[in-house]
1. At what distance in angstrom do the alpha carbon centres of the stretch 259-286 and the stretch 1-45 lie from each other?
2. When the helices in the chain are scored as -39500 (n - 2.57) per DSSP H run of 4 or longer and the sum is shared across all residues, what 222 nm value do you end up with, to the nearest 500 deg cm²/dmol?
3. Taking the chain as the reference, fit the longest principal axis to its C-alpha atoms, fit the long axis of helix 160-170 to the helix C-alpha atoms, and give the angle between the two in degrees, 0 to 90, nearest 10.
4. Over the stretch 156-267, consider all pairs of different Cα atoms and compute the Kirkwood hydrodynamic radius from their mean reciprocal separation; express it in Å, one decimal.
5. Going by Cα centres, the stretch 182-199 and the stretch 207-255 are how many Å apart?
6. With just the Cα atoms defining each centre, how far is the stretch 91-133 from the stretch 397-465? Give it in Å.
7. With an 8 Å cut-off on Cα pairs and a minimum separation of 6 or more residues, tell me the relative contact order of the chain in percent.
8. Can you pull the three principal axis extents for the Cα set of the stretch 113-330, in Å, largest first?
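No lab work stands behind these numbers, since they all come straight from the coordinates. Just so you know, these numbers come straight off a predicted model, no measurement behind them. A quick note on method: Cβ atoms are made from the backbone with ideal geometry, for glycine too, and the neighbour counts reach across all protein chains shown.
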């Protein structure tokens, strides 16, 4: 292995998943100036960026500017992109091992955790992940339908994704029309009848997962008032006690929510109601099998023996009339065929990013993981950077110790020929940049950041594939 890593015989790495974790892994690899490293980045969509494109809310353009960093990495001559190539469908992991010294899986957490309550499968009950992907123009979700004729909506969860969903439901059409929201979603939201949105947290204000910036933004919407019950904004004794160890962010979000509790309504057309210490017990359906109400139970906080804070139900119940429900209680990863996967945790079996065989507890030589598929869905986009760096440090250590495998055909020409045979319509990064230019040109004509392609066939047709 000592002969690998120079211009004549570069260290070849495949990265599966073109989201932030994948690009941050590339960034760390390319900083290793003592080695010549080539990276091939794979994604099943023709478009890169993962959740930056398909998950970050359209009214958060500043966050999406991180793609400029990704594009600079992609401009390096030792980088190649294989978009529109699905691992397990077009090519297998076993086949890729023939071409690479190492493979890093960065496929993220693509599905939602379900809410195990009666009525969760009624019509108009959805995963928040589906709604987010729909309004962001993800090709897998663009044809979904959401019943926005309902006046009252519940969003279960108080993390940043739940906040995004609530905010998009409450935004005015004029606010949304300045973003890169998908055209089909903009048109549907133009005719929305939603007047009241509930956000429901099972624990208290101090434990809410949203960030101060996200919850502050809710109070700045042009067409929606924010309302919080004063009793639910107040801190219970256990939360008060925990403030001694609270960070500045926690204190700030408590201040913001408590300010909403005393804020007068101004008569805006929509109202967003933040609720705390409540959990859905059941969804109630009408004669047509659609959600028409939600039964809630009140919670109280308690400390476990280990000192962690938990919530438990008390004997207080209420019912709220809602016709549309989005659950936002967490993401889960999806298994990659041929890669060890922990179904319970929704992640790849790993130790510090090294993939582990769960039966033998031994390292799977040359295979690594980073991002949400490594650690679970936690943190923000930037959190993936140190996570990816940790993984790449393990890869480099294994390289220097001679622990990486020796592939049969470790050169780009060989893998490109192979991929072209399996998926003739693969998309390279130059193709993506052309698509990007088209989207931005359409957007510029309308005073918007971009108008997205939302179907794979449209993208391929635009590229002449």
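1. 48
2. After summing the helix terms and dividing by the residues of the chain, the value is -8500 deg cm²/dmol.
3. The two axes meet at around 60 degrees.
4. 15.2
5. 26
6. Distance between centres, Cα-based: 20 Å.
7. RCO, the chain: 22 percent.
8. 48, 37, 33
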